[in-house]
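J.: Before I ask anything, here is the structure I am working with.
The values are calculated or read from the model by the stated rules, or taken from the named source; none is laboratory data. Note that the structure is predicted; figures quoted are calculated from it, not measured. Cβ placement follows ideal geometry from the backbone for every residue including glycine, while neighbour counts extend to all protein chains displayed.
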Ligand code: 13P
């Protein structure tokens, strides 16, 4: 089986002003130094990116964005293009987070357009998908995540898949303190990998990093990360506290 890159990423959501981000990065920098078994990314609000990048300069910490628009430019008030992000050195971008889907009307179609635009601009995408509570309870999680995988990646080439990370985020586990069990996370990440294999073949499916996200914290990270199909984490709340995030990075040094 291909050895997959473990990626521990923070999703700061609508938290941290530029000065707060700078203080956070300065605090976590020495903590994660030399911990090379995983890549470390923090996805920041647009206005906070530059300050975080400046503080992270010279380290392995990467600063990403939380969304990107699919058009190159034009009359799209409030949106930011991939070219704007790459020009300031942003490599990673989260696309399709459930909060974007729930509160801002994003669909698999707009998510797919954003994924393709980001990849065309040379970016690395963290594509979020996952089922809502009712879907899990009615036993259709596999169908839901397989469908999302197919729709969100429609038109993405096999070659581009080397720049795609998938974050499996069960919506019922986000910000709720409820975490998928390690078995549930492993099973569903495996189902996403099966869907990838159907589209791209086993080799690419086995090489794709699939993170788990949803109330991952310093207490449950080791168990989740020990599962064979879980290749890292996308962390919300615990990415705002240096000691907690550092403990998750430690759990990934296996
Ligand atoms: P929490 O870790 O706060 O549950 O958030 C997870 C998430 O949405 C990461 O993108």
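J.: Do the conditions hold for residue 55, that is, is it in contact with a helix residue (DSSP H, G or I) (Cβ under 6 Å, 6 or more places away or on another chain) and under 20 Å from residue 14 (Cα atoms)?
T.: yes
J.: State which residue is surrounded by the fewest Cβ atoms within 10 Å (Cβ to Cβ) when the search covers only the stretch 15-26 and only residues that are free of Cβ contacts under 8 Å to residues at least 40 places away in the same chain and assigned to a helix (DSSP H, G or I).
T.: Here the answer is 19.
J.: Just to verify a result, which residue in the stretch 203-234, among those that are in a loop (DSSP other than H, G, I, E, B) and within 12 Å of the ligand (Cβ to nearest atom), is surrounded by the fewest Cβ atoms within 10 Å (Cβ to Cβ)?
T.: Among those residues, the one meeting the criterion is 218.
J.: Give the stretch 89-106 a look and list any residue that's within 17 Å of the chain's Cα centre (by Cα), within 19 Å of residue 170 (Cα to Cα) and more than 13 Å from the ligand (Cβ to nearest atom), or say none.
T.: Residue satisfying the conditions is 106 alone.
J.: Here are the criteria: (1) touching a residue at least 40 places away in the same chain (Cβ under 8 Å); (2) buried (at least 20 other Cβ atoms within 10 Å of the Cβ); (3) closer than 28 Å to residue 246 by Cβ; (4) within 16 Å of the ligand (Cβ to nearest atom). Tell me which single one residue 49 does not satisfy.
T.: Just one mismatch for residue 49, condition (4).
J.: Checking residue 172 against (1) without any contact (Cβ under 8 Å) to a residue 24 or more places away in the chain; (2) within 16 Å of the ligand (Cβ to nearest atom): exactly one of these is not met. Which one?
T.: Evaluating residue 172 over (1) without any contact (Cβ under 8 Å) to a residue 24 or more places away in the chain; (2) within 16 Å of the ligand (Cβ to nearest atom) leaves (1) as the failure.
J.: Now a separate question. For residue 42, are the conditions met, namely being more than 26 Å from residue 162 (Cβ to Cβ), in contact with a strand residue (DSSP E or B) (Cβ under 8 Å, 6 or more places away or on another chain), within 16 Å of the ligand (Cβ to nearest atom) and not in a helix (DSSP H, G or I)?
T.: It is false that residue 42 is more than 26 Å from residue 162 (Cβ to Cβ), in contact with a strand residue (DSSP E or B) (Cβ under 8 Å, 6 or more places away or on another chain), within 16 Å of the ligand (Cβ to nearest atom) and not in a helix (DSSP H, G or I).
J.: Among the numbered conditions (1) buried (at least 24 other Cβ atoms within 10 Å of the Cβ); (2) more than 15 Å from the ligand (Cβ to nearest atom), tell me where residue 245 comes up short.
T.: Single failed check for residue 245: (2).
Matching residues to (1) within 11 Å of residue 56 (Cα to Cα); (2) in contact (Cβ under 8 Å) with a residue 40 or more places away in the chain; (3) part of a helix (DSSP H, G or I):
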| residue | (1), (2), (3) |
| --- | --- |
| 8 | no, yes, no |
| 13 | no, yes, no |
| 28 | yes, yes, yes |
| 34 | no, no, no |
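J.: Does the stretch 140-157 include one or more residues that are more than 16 Å from the ligand (Cβ to nearest atom) and closer than 28 Å to residue 36 by Cα?
T.: No, because not a single residue in the stretch 140-157 is more than 16 Å from the ligand (Cβ to nearest atom) and closer than 28 Å to residue 36 by Cα.
J.: A further question on this structure: In the stretch 175-199, what residues are at pLDDT below 95 and away from the ligand (no atom under 16 Å from the Cβ)?
T.: none
J.: Before we move on, is residue 161 part of a helix (DSSP H, G or I) and either modelled with pLDDT under 95 or buried (at least 17 other Cβ atoms within 10 Å of the Cβ) (or both)?
T.: So residue 161 passes the test.
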